[in-house]
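One structure is given below, represented as C-alpha cells, and several questions about it will come after.
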Amino acid sequence: MTALTVSPKFQVVIPKAIRQALKLKTGQKVLMRLNDQGQAVLEPELDIRSARGFLPKIPDVDVAHIENEPEGPEWPGGCAPMADAIIWQTVQTHGAALYTQDAALAQLPGLRYQAKP
C-alpha cells in the first residue's frame, strides 16, 4: 500500500506501480467510484477502439463489407454485424442455445432458426 498526498487543489499522483498495473496512458480518463466498503476504486476508461478484434469471426460471414442497413438482399430484416458478432460469441462462450428469427443468422452451426410467419 502506498500513501498519497492530497495537494491544495485536491490532486494526487497515481503511483507508478498502479499506473503500470492499470496500463494507464498520459491523458487517459479514469473513472473513480466508492465501493460498498467506502473505498475509492479507480477504473481506466477504455476507448471502444481497444475492443477491436476481441470477437472471433462469424463463420462464412464477412461483416467488413456489409453496411449497417435497415434491410437488404444479403440481410433480410436488417443488418447489425457488431450486435450479431457479440451475440454469437456469447453463445459460443457459454455453450448456450440460440433461437432466432433472423434469416441472416440461419446458417450458423448450432443455431435454432424459426422463420417468421
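Every read-out reported here was derived from the displayed coordinates using simple, explicitly stated rules and does not represent laboratory data. If you're wondering where the values come from, they're calculated on a predicted model, not measured in any experiment. Glycine gets a Cβ as well: all are built from the backbone with ideal geometry, and neighbour counts include every protein chain shown.
Using 0.36 nm times the number of residues separating K23 and T2, minus their current alpha carbon distance, what extension gain do you get?
5.8 nm
On full extension of the chain, what length is gained from E43 through R112, given 0.36 nm per residue of separation minus the C-alpha to C-alpha distance?
On the way: separation 69, 0.36 × 69 = 24.84 nm, distance 3.87 nm.
Contour length minus the Cα-Cα distance gives 21.0 nm.
Calculate the spin-label point distance for T90 paired with V30, positioning each point 7 Å from the Cα along the beta-carbon direction, and give it in nanometres.
About 3.1 nm separates the two model spin labels.
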